[in-house]
Amino acid sequence: MIEAQNLWKHYGDHVVLERINLKVREGEFITMVGTSGCGKSTFLKLLLGTEGATRGTLTLDGNPVPDEPGLDRGIVFQQYSVFPHLTVLENVTIARAFEHSPLLGRLFGSAKRQAEDEAREMLASVGLASAEKRYPHELSGGMRQRLAIAQALIRKPRILLLDEPFGALDPGIRADMQELVLSLWRKHKLTVFMVTHDIKEGFYLGTRLWVFDKTRYDPQAPHAYGATITYDLPVGHMDRALYEEIDDRLHPVPA
Amino acid sequence: MKRLVNLSPSRPWALLLGLIPLALVLALYLAGSDARLTENPNDKLLPSLEQMSSALDRMALQPSKRSGEYLFWTDTAASLQRLGLGIGIAAIIGLLIGLLTGALPAVNVALSPLLTVFSLVPPLALLPILFIVFGLDELSKVVLIVIGVAPFIARDLQKHTLEMPREQLVKAQTLGANSMQILFRVLLPQIMPRLIDAVRLSLGTGWLFLIAAEAIAATDGLGYRIFLVRRYLSMDVIIPYVAWITLLAFLLDMALAWLSRRLYPWHHKGAAS
């Protein structure tokens with residue numbers, strides 16, 4: 001589905017990514033880890049279309065990835081993903097309004113009710129059924145990210161891009177959110193790319209783990225070489241219970 | 001004893017401490033006025049409260065002997081109309097330019113240099129040109145306010161539009177929004193409370209240009225009256241007029257603040273993300 005051939009990305013003299021070659025099949029769940037500034041977010045931007053490759057090709061179904069964001073690639077950022085001036089329900093229905101009302105971006109009458117019903121269903125599936133009238137600033141960080149996910153999925157993208165979506169959340173809430181993403185990934189048959197700085201999260205979630213790192217380094221010119229994918233590991237998805245069992249055995253809690 | 005930096009007075013104390021300086025200024029004025037009037041009952045510089053209230057009574061509650069109008073109210077109406085028109089038109093122009101230059105890089109490239117140059121021209125220096133081009137009537141005064149205020153509003157809104165998180169624009173695009181929809185559903189609603197803020201900040205400048213224009217060429221208006229009676233040293237009219245203008249400015253500001261909280265509650269409750 002997605003293929004990169006000898007992909008490079010520079011900002012001026014600063015090489016961020018180099019020699020990236022990969023193939024991704026439909027339905028994979030890829031987690032990307034690496035030190036900060038290693039280019040994993042840049043790679044996500046290349047997929048999103050807000051940045052273009054300097055050299056090489058990045059293709060989606062054989063065609064170059066479009067050079068602007070579009071419907072087939074949904075996104076959830078770490079923050080600023082939802083619209084602060086709209087209620088929870090409006091944040092989701094606005095996607096349908098964009099679809100059916102090209103000039104005003106507003107829905108009326110039966111079209112509006114239909115969009116609202118659909119949005120309520122989506123909100124229920126992320127656990128926000130009771131919050132539809134609230135504004136984002138009235139939600140907790142976890143609820144806001146749930147909203148961002150519901151919003152991203154309403155127009156049924158094939159690819160879901162997650163840019164450290166749980167980076168600002170508490171560990172307990174993060175575990176709930178990971179469960180949520182996994183269940184939505186299966187339900188909607190998505191291809192997911194997720195950037196995370198939490199290696200544990202990278203190992204636990206998904207089907208495939210990429211580690212971004214520099215293989216060449218020149219101390220006199222730290223920007224001369226970019227990062228590439230140093231590890232491309234298949235990750236067997238484990239049950240949460242099994243994971244906790246193993247985790248407990250490795251790090252026993254002192255009684 | 002707490003450090004001074006940690007000492008914040010409780011509500012009644014805060015009110016009292018806030019009123020003391022105001023009361024002090026009033027007391028100083030009254031004492032000065034009293035002292036001058038005992039020395040010379042015809043002194044015009046520091047009129048007493050009675051003199052001011054009788055002047056106000058003459059201006060506001062009795063028809064003028066010459067025209068039969070209640071001058072205080074016709075002045076107020078004339079000034080508020082000019083100010084309202086000027087600020088209103090400036091707000092619309094400022095919103096359009098600010099939003100479009102902030103949201104559309106192509107428009108920004110085309111208009112930014114013009115906007116920068118225009119906002120550096122001192123508006124009062126243009127007043128003679130406005131009088132020549134638009135005549136001495138209402139139009140030139142309204143245009144002066146527009147020229148004085150619109151560039152400020154435009155630049156302020158442009159800045160806020162540019163500072164809008166990129167993430168929101170990208171998100172809207174992944175939901176299938178076109179440029180129009182992003183402008184009207186994502187950017188415009190979030191820029192509206194900023195517009196009200198900008199209008200509140202520019203009202204002071206608006207009054208400045210209004211009174212300047214009225215002082216130079218007008219037949220009514222609060223600024224016109226103040227500069228007219230200056231010739232007779234009528235401090236008993238000038239001081240109540242200035243107090244009235246201050247009160248009007250205060251009420252306008254309060255009304256806009258209330259409107260903004262009412263219409264855009266999400267803006268005021270720290271909508272961070």
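Does residue B:207 qualify as being surrounded by fewer than 21 Cβ atoms within 10 Å (Cβ to Cβ) and farther than 30 Å from residue A:98 by Cα?
Spelling it out, it is not the case that residue B:207 is surrounded by fewer than 21 Cβ atoms within 10 Å (Cβ to Cβ) and farther than 30 Å from residue A:98 by Cα.
When segment B:1-24 is examined, which residues are found to be under 30 Å from residue B:243 (Cα atoms) and not in a helix (DSSP H, G or I)?
Selection gives B:9, B:10.
Restricting segment B:37-62 to residues that are part of a helix (DSSP H, G or I) and open to solvent by less than 50 Å² (accessible area, probe 1.4 Å), which is farthest from residue B:229 (Cα to Cα)?
My answer is B:37.
Can you name the helices (runs of 4 or more DSSP H) wholly within segment B:188-273 that have at least 1 residues being acidic (Asp, Glu) and on the phi < 0 side of the Ramachandran plot?
Because the criterion is at least 1 residues that are acidic (Asp, Glu) and on the phi < 0 side of the Ramachandran plot, the helices (runs of 4 or more DSSP H) in segment B:188-273 that meet it are B:188-216, B:235-263.
Restricting the search to segment B:89-123, which residues are open to solvent by less than 30 Å² (accessible area, probe 1.4 Å) and closer than 18 Å to residue B:207 by Cα?
Across segment B:89-123, the qualifying residues are B:90, B:91, B:94, B:123.
Pick from A:206, A:202: which is open to solvent by less than 10 Å² (accessible area, probe 1.4 Å), on the phi > 0 side of the Ramachandran plot, away from chain B (no Cβ under 14 Å) and small (Gly, Ala, Ser)?
From the options A:206, A:202, the qualifying one is A:206.
I'd like to know if segment A:10-31 contains one or more residues that are aromatic (Phe, Trp, Tyr), open to solvent by 30 Å² or more (accessible area, probe 1.4 Å) and assigned by TED's automatic domain parsing to the domain that holds residue A:215.
Yes: one or more hits.
I need a count of the residues in segment A:32-42 that are open to solvent by 20 Å² or more (accessible area, probe 1.4 Å) and either under 14 Å from residue A:161 (Cα atoms) or touching a Ser or Thr at 6+ places or on another chain (Cβ under 6 Å) (or both).
1
Since residue A:77 meets every condition but one in (1) open to solvent by 10 Å² or more (accessible area, probe 1.4 Å); (2) free of Cβ contacts under 8 Å to residues at least 40 places away in the same chain, which condition does it not meet?
Against the list (1) open to solvent by 10 Å² or more (accessible area, probe 1.4 Å); (2) free of Cβ contacts under 8 Å to residues at least 40 places away in the same chain, residue A:77 comes up short only on (2).
Between A:147, A:107, A:139, A:103, which is closer than 26 Å to residue A:27 by Cβ and either of a type in the set (A, V, I, L, M) or not assigned by TED's automatic domain parsing to the domain that holds residue A:24 (or both)?
A:147
Considering only residues of segment A:43-54 that are within 14 Å of residue A:3 (Cα to Cα) and more than 14 Å from chain B (Cβ to nearest Cβ), which is surrounded by the fewest Cβ atoms within 10 Å (Cβ to Cβ)?
Filtering first and then ranking leaves A:53.
Does residue B:69 satisfy the condition of being open to solvent by 60 Å² or more (accessible area, probe 1.4 Å) and not in a helix (DSSP H, G or I)?
The answer is yes for residue B:69.
Take segment A:137-185 and flag every residue that is of a type in the set (Gly, Ala, Ser), within 11 Å of chain B (Cβ to nearest Cβ) and not in a helix (DSSP H, G or I).
Scanning segment A:137-185 gives a single hit, A:168.
Could you tell me how many of the residues in segment A:157-190 are of a type in the set (D, E, K, R), under 18 Å from residue A:127 (Cα atoms) and open to solvent by 50 Å² or more (accessible area, probe 1.4 Å)?
5
When segment B:153-184 is examined, which residues are found to be among the aliphatic types (A, V, I, L, M), open to solvent by less than 40 Å² (accessible area, probe 1.4 Å) and facing chain A (nearest Cβ under 7 Å)?
B:170, B:175, B:177
Say whether the condition of being touching a Gly at 6+ places or on another chain (Cβ under 6 Å), at pLDDT below 95 and within 14 Å of chain A (Cβ to nearest Cβ) is met by at least one residue in segment B:185-196.
Yes: one or more hits.
Among the numbered criteria (1) modelled with pLDDT under 90; (2) over 30 Å from residue B:139 (Cβ atoms), which one does residue B:28 miss?
(1)
The values are calculated or read from the model by the stated rules, or taken from the named source; none is laboratory data. Since the structure is predicted, the reported quantities are computational estimates derived from the model, not experimental observations. Here the Cβ is made from the backbone with ideal geometry for all residues, glycine too, and neighbour counts use every protein chain on show. In case anyone asks, the SASA skips ligands and DNA or RNA and just uses the protein heavy atoms, side chains included. Shrake-Rupley method; radii C 1.70, N 1.55, O 1.52, S 1.80 Å.
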